[in-house]
Structures are given as structure tokens and as C-alpha cells.
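Here's the structure we're looking at; comments come further down.
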Amino acid sequence: MALVTTAEVCDAHSSLIVSGELRVLEPIFQIYGRRQVFSGQVVTLKVFEDNVLVRAFLEEKGNGRVLVVDGGGSKRCAILGGNPVVQAQNNGWAGIVVNGCIRDVDEINGCDIGVRALASHPMKANKKGTGEKQVPITIAGTRINDGEWLYADTDGILISHTELSV
């Protein structure tokens, strides 16, 4: 989505919004990381106050994808920290969206990757390894399926059934 804003995408594809093929996430996320604009194919993950699966995904090659994590909206601990974000950056992930908290904000803000999360929290997550990989999730009022496309910038986050062009 080089040099195309989410606002322009919405304007150019209003029929897709009406049909539900293009959805806008509620504006609940804080912006972290040096890459404020990012997009890519979605990989979904559902966890609760546990970051083992988050770390495992980010150890894989990202190939420009975006990890979207439904952390249940928990604000009791961070499910993403600086080390996994550095690893994600080095492994070619375009971004990470977390319906939950992160920590190590200064380290994350130094990384060339896009990160969105509800807030920061100093406590670390559990390490039980529980969760569900590549399942439909609902965050910020929007259902997101593994394999869909995410577009994010400073105006917001869009989810599309297919890759978009303007």
C-alpha cells in the first residue's frame, strides 16, 4: 500500500465496505514501532495472557505478513515484548496487531516494523503454550480470518477479503 492511505482505500472501495468485503477496525489501538504504514496477508492467533505461540510464530519467516493476535483484550500483562519484535523485524514480518498489551516500548519503537496494541504493561505473560493458531478471531468489532489482508496507517486499520489496489 505504498503511498496510499487507508482513507483513500475506503474512498476508492466504498462498495466493498457496504458488502462487508472491506472492514474498518474500531480505533482502539496505539501505534508503536518505526513503521507507521504497513500491510500484508494476515496470520491469526488467539491466546490469553500467554505469549509462547506469539513468540513461536515470530520465529518463522514472515514474508511480509502481519500477525494479528486476539489476546482477549487483556490489560493485565503484556503478551508481546521487545525481543520477539526484534526477531519479527529480522524475519521479515510487516507488522503485528495485538488485542492486548505490549512491553519494552522503547525497544519496539526502535524497530522497523509496524506494531499496534491496546496499551503497554510492565508484567510479562504466562508461558503455558495455550492458544489457537490460524482461526477466525474477532477484535475491535471486526471478524478477521487467517489469509485475509490488513492495511494500517495513522488513520486506522482495514481488513479485506482480498489484496486491494487503488
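A few points about this structure:
- FRET efficiency for D112 and S19, using Cβ-Cβ distance with R0 set to 30 Å, rounded to 0.05: 0.30
- Pairs of Lys residues in the chain that lie 8 or more places apart, or on two chains, and have C-alpha atoms under 18 angstrom apart add up to 8.
- For the stretch 60-75, 3J(HN,Hα) per residue [Karplus equation, 6.51 cos²θ - 1.76 cosθ + 1.60, θ = phi - 60°, Hz, x = Gly/Pro]: 7, 5, x, 6, x, 7, 10, 7, 10, 10, 8, x, x, x, 5, 10
- Taking a Cβ cut-off of under 13 Å around R23, the surrounding Lys, Arg, Asp and Glu residues balance to a net charge of -2, with basic ones at +1 and acidic ones at -1.
- The translational diffusion coefficient of the stretch 58-122, from Stokes-Einstein at 20 °C and 1.002 mPa s with a Kirkwood hydrodynamic radius over alpha carbon pairs, comes to 187 µm²/s.
- Of the GluC sites (Glu not before Pro) found in the stretch 1-79, those that fall in a DSSP loop while having at most 16 other beta-carbon atoms within 10 Å are E21, E59, E60.
- Three-way shape label, the stretch 105-166, alpha-carbon gyration tensor, a/c 1.5: oblate
- The chain: calculated mean residue ellipticity at 222 nm from DSSP helix runs of at least 4, using -39500 (n - 2.57): -5000 deg cm²/dmol
- Largest GNM mean-square fluctuation among R76, R65, R103, using the chain with Cα springs under 10 Å: R76.
- In Å, descending, principal axis extents of the Cα set of the stretch 1-82: 39, 25, 21
- Per residue accessible area of the chain, 1.4 Å probe, in Å²: 46 Å²
- Computed over protein heavy atoms with a 1.4 Å probe, the carbon and sulfur contribution to the accessible area of the chain reaches 47%.
- Kirkwood Rh, angstrom, the chain [1 / mean 1/r, Cα pairs]: 15.5 Å
- For the stretch 13-166, DSSP calls about 50 percent of its internal beta bridges antiparallel.
The values are calculated or read from the model by the stated rules, or taken from the named source; none is laboratory data. Because the structure is a prediction, the values reported are computed rather than measured. Cβ atoms come from the backbone with ideal geometry, glycine included; neighbour counts cover every protein chain shown. These accessible areas exclude ligands, DNA and RNA; they are computed on the full protein's heavy atoms, side chains included. Shrake-Rupley method; radii C 1.70, N 1.55, O 1.52, S 1.80 Å.
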